[in-house]
Amino acid sequence: MSDCIHCDIHDLLDEHLDKEGADLSAITAKVTEVLADLVLMANPAERMPLLAEVVANLGGFVLEKAANDGEDPDTRRSRH
Ligand SMILES: [Zn+2]
């Protein structure tokens, strides 16, 4: 365990991602389900704004990390 939830999640996922024939679509679906569970933990009135924030963050992270591709040899393992 580290001080960063992002890094801890990556460590947890490594076991699944490193398997022969890892199904990236299935793995991302499970991670997405966790996001849905987290959104549903919010009060009903706060769920839609939180969902919008999740989607905005997702797009932002993908664009930011894609722009850094080539600079970081293993972007998904970038540490905080
Ligand atoms: Zn991290």
Residues of region 22-45 satisfying the condition of being loosely packed, with under 11 Cβ neighbours inside 10 Å and over 23 Å from ASP11 (Cα atoms): MET41, ASN43, PRO44, ALA45
Before we move on, is ASP74 acidic (Asp, Glu), at pLDDT below 95 and within 17 Å of the chain's Cα centre (by Cα)? yes
Over region 1-33, the set of residues more than 16 Å from the ligand (Cβ to nearest atom), under 25 Å from HIS80 (Cα atoms) and of a type outside the set (D, E, K, R) is HIS16, LEU24, ILE27, THR28, ALA29, THR32
Could you give every pair whose Cβ atoms fall below 6 Å, whose first residue belongs to region 1-29 and is in contact (Cβ under 8 Å) with a residue 12 or more places away in the chain, and whose second residue is part of a loop (DSSP other than H, G, I, E, B), counting only separations of at least 6 or pairs across chains? CYS4/HIS80; CYS7/ARG79
Residue among ASP18, ASP8 that alone is modelled with pLDDT of 95 or more, of a type in the set (Asp, Glu) and under 12 Å from the mean Cα position of the chain (by Cα): ASP8
VAL55 is checked against (1) assigned to a helix (DSSP H, G or I); (2) modelled with pLDDT under 95 and fails just one. What number does that condition carry? (2)
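The values are calculated or read from the model by the stated rules, or taken from the named source; none is laboratory data. From a predicted model like this one, the values you see are computed outputs, not experimental measurements. Note that each Cβ is placed from the backbone with ideal geometry, even for glycine, and that neighbours are counted across all protein chains shown.
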